Structure formats: C-alpha cells, structure tokens
Amino acid sequence: MAFAKKIFLFLVIPIGVFLAVLTGAFSSKIAPGMTEPVTQKVSGIKWEEAQKVAAKNGVTLPGTIVADKEAKVASRILASVKQILVAKGDRVKKGDPLILLDSAQVGAYSNLAEAAVQEAVAAKSQSEQSVKQAMANVQSAEAKFQNVESSYRRMLNLYQNGAVSKQDFEDTQMAYQQAQAQLDQAQAALKAEQAMQQAVSAKMDQAQASYGAAVDNLNQATITAPFDGVVTNKLVETGDMASPGSPLIVIEKEPYLLEVYADERLAKSIRTGDKVPVTIDALQSELTGEVTEITPRVDPASRTFTVKIQIPKDDRVVPGMFGKVIFPDGTSNVMMVPVSSIVKWSQFTGVYVVDSKNKAHLRYVSLGKQQGDRIEVLSGLNPQDQIVIEGTDRLADGVEVTN
C-alpha cells in the first residue's frame, strides 16, 4: 500500500502536471477569431519579360592540340650519349643545346686529320720546290741545246763544203745529240714533277676535306634545337650509343593547332579563315581560333574530314591537350535570360518569376549554353514570364516585390 502511494506521488502527479502545461491549462486563453498574415515586401527589385530570340546554333567537336611542325632530331655521328640537357615538356629556342655526345673518339679523329693536313702541306711545299728546280733545269738545257744546235748547223754546212774534217763534224754532232738528250730528259723530269705536284695537291685537298669533316663531326657532338619549340619526347638515355640517323629527341614547333574531325555535313559551312570559339579544358578558358587547314578528303569509314584550328600563342598550351571547338550550324529561337537572373544553390538552378500580384516565386529551370551575359533556358520558363534580373539575393519564395 505504501509502495502504491510512492508511485502516485513521484510518477503520476508529475506527468499530469507536465501534460497540463503542454495543453495550456495554466496560460491565458485567446478568444477565437481571424488573424492577418504578415506579408514581407522587398523594394528595389527589377524584372523583365522573358522572350525567345534568334540565336546561332553550334556543333561542338572535341579535338587534340597538335604542333604545326615536328622534328625528330638525330645524331650525325656514331658516339655515346654523354649528357641529356632537356626533359619532356621543356621549351627550347633555336640553337639551344639538347644532348652532348662523347667527343673523345671524334676528337682523336680530328687530331689525326689535322696531322695529315700538316703532312700534306709540307709535301706540297717540297713538290713546289722540285717543280721549280725542274723548270730551271729545263731552261738550262734549252740554252745549252740552242748553243750546241747553232754550232752543229754551222759545222754541218762547213762539213758539206769540205771545210772541216769528218772527225770535227762527228764531235760536234755528238755534242748536239747529247744536248738534245739532256733537254728531253729535263723536260721529262719537269713533267714528272708537275704530275707529282698535282697528286700532292689532290692529297692535300683530301686531307683538308677529312679534317673539315672531323671538325664538323666534333661540332656535331653538341646536338642543338633546329627551331623554337617544345620537347615532346626523349628517345635515349645517358650512356646509349647514338648512331647517325637515329632519332634522339622529338621537338614540336608552334603555332599550336586544335585538330578535330568534322562530320561531312559540315563541309559546306566550314571555311579557311573562319573565327571560331575554342575551349581548352586544362586551361579552363575560351580562346578565339582560326581555321587554317581543311583536309579536302572525307574518310569513307567515319564520314568525317580533318579540320585544324590555329589558337593564339599561350605558354600554358602543350601538344596533347584536350580541346573543343564550336562550329556554327544555322539559327533557332531560344529562351535567353540574363545571367544575373539565375539563382543557384547546391546543384539546382532557378529564376524568380513575378506574378500578377507582384509576388516572386522561385521556379526551377534547366540551362543551356551561355553567350556573353545571357544564358539559354531549355525548360521551366514561358514567353512573357516576368523574371527578376536584379536583386535576387534579397528574395525568398512568395515575397512581394516593387521596383
């Protein structure tokens, strides 16, 4: 019995009091009747009528950034790679060193070629002296022969007239023949020396050419960039053997182009020189490109043709980047509203529409492409709807608005 009283005192009574408070048993009563709702009014709001306007349609095509020119830089000599001075993605100027080859062996060839040139120069100098001496011998032999010939002819005349003995004539004749032989010998020696001189000169020319090639090869030990561009590939490592003609570095030259494949139905609407909007996703910016090349052939398999669009110079652009271009494709009437009228929260978009009682109501809309300060509304609006274009940040659904 005592336990039942405790339950009544500590459990039933408090619960009853709590319920009485909730039901308002201890508060003053309000007489029944009608209360006026509080209406919020926001001033300084601007709105305008939504209208459809003629807009250009566009076809968006994806593409890849490519270079205007590509060079596969190769070695002209056989030598090992000593040092690589550039990496993929580096920008280089014409003449910048790219790779250093081991020039020790090439330098040895150069030294040998230089020694051969010096030897040929000495041989040529000696040959020139020999030719001069041979020419002097010929001149001496000619002078002696002329004197002996004159005596011989005089003695012959005397001998024929019986004025000199046969022995004197024969002595003079023998001297004449000896002088003739000496002259012939001197002239033959001169020809031989002249032939030798030509051979020595040819050998010297060959030695100089070999030395020039050796020096050129020594200079080729430093491989340089053929033009301004970007290093897009490195095909060797330090220690590899570079052979003549084998590519070592790939460099691509600006300007850069966006290469896309357009459907054949666009063939008549795309022209060289057209200015088109280009978007490079990695840069998150829109550029204005120019159509510079159109392949005059349609791929029969894909029914597409290649179009290249030159983009403005930008050091952030590198070959291989993804991009998009929009080509015009006729016009159509679309609902365009000011960007300032769009209300965004989370992943939803909407606009405030003002009704006949000047109350703003938030309406969900689906958006399309933006053109300048206006954006396309795909659904959610009707022509002649009054949309708020200024002051949306001060509105809530259902508030009354005034200008």
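For LYS357, the lysines whose Cα comes closer than 21 Å to its Cα, not counting residues fewer than 8 places off in the same chain, are LYS41, LYS46. Remark: spin-label model distance LYS203-GLN167 equals 5.3 nm, labels positioned 7 Å along the Cα→Cβ axis. When the P(r) of the chain is calculated, the portion above 29 Å amounts to 76% of the C-alpha pairs. With contributions of -39500 (n - 2.57) from each DSSP H run of at least four residues, the per-residue ellipticity at 222 nm computed over the chain stands at -11500 deg cm²/dmol. Bridgeable lysines around LYS69 (alpha carbons under 18 Å apart, same-chain partners fewer than 8 residues away excluded): LYS88, LYS93, LYS94, LYS234, LYS253, LYS308, LYS313.
Among LEU112, LEU61, a tally of other beta-carbon atoms within 10 Å of each Cβ gives an order, fewest to most, of LEU112, LEU61.
Among MET155, MET135, the order by Cβ neighbours within 10 angstrom, fewest to most, reads MET135, MET155. Between the stretch 122-140 and the stretch 387-403, the alpha-carbon centres lie 113 Å apart. Counting only residues at least eight positions apart within a chain, or on another chain, the aspartates and glutamates with an alpha carbon under 20 Å from that of LYS144 are ASP168, GLU170, ASP171, ASP184. Please give me the summed charge of the neighbours of THR238: other residues whose Cβ is under 14 Å from its Cβ, Lys and Arg +1, Asp and Glu -1. Residues near THR238 contribute -1 overall. Each of TYR256, TYR159 has some number of other Cβ atoms within 10 Å of its Cβ, and from fewest to most they run TYR159, TYR256.
Helices in the chain that qualify as membrane-span-like (whole DSSP H runs, Cα extent of at least 20 Å along the helix axis, mean Kyte-Doolittle hydropathy of -0.5 or higher) are 104-160. Can you compute the FRET efficiency between ARG265 and ALA396 using 1/(1 + (r/R0)^6), with r the Cβ-Cβ distance and R0 = 60 Å? Round to the nearest 0.05. With a Förster radius of 60 Å, E is 0.80. Between GLU286 and ASP355, the contour length at 0.36 nm per residue exceeds the alpha carbon distance by 21.1 nm.
When the P(r) is computed for the stretch 253-330, the part past 18 Å accounts for 39% of the Cα-Cα pairs. Going 7 Å from the Cα of ASP314 toward and past its Cβ, which residues in the stretch 61-78 have a backbone nitrogen under 12 Å from where you end up? Output list for this probe position: 65.
In the chain, Cα pairs under 8 Å separated by at least six residues give a relative contact order of 28 percent. With K and R counted +1 and D and E -1, the other residues having a Cβ less than 10 Å from that of ASP96 yield a net charge of +1.
With Cα atoms as the point set, the radius of gyration and Dmax of the stretch 105-219 evaluate to 24.9, 83 Å. The Cα center of the stretch 261-289 and the Cα center of the stretch 221-241 differ in position by 33 Å. Taking Lys and Arg as +1 and Asp and Glu as -1, the other residues whose beta-carbon sits under 14 Å from that of SER127 total 0.
Readers should treat all values here as calculations from the given coordinates under stated rules, not as data from a laboratory. In this text, all values refer to a predicted model and were calculated from it rather than measured experimentally. Positions of Cβ are generated from backbone atoms using ideal geometry, with glycine treated the same way; all protein chains shown enter the neighbour counts.
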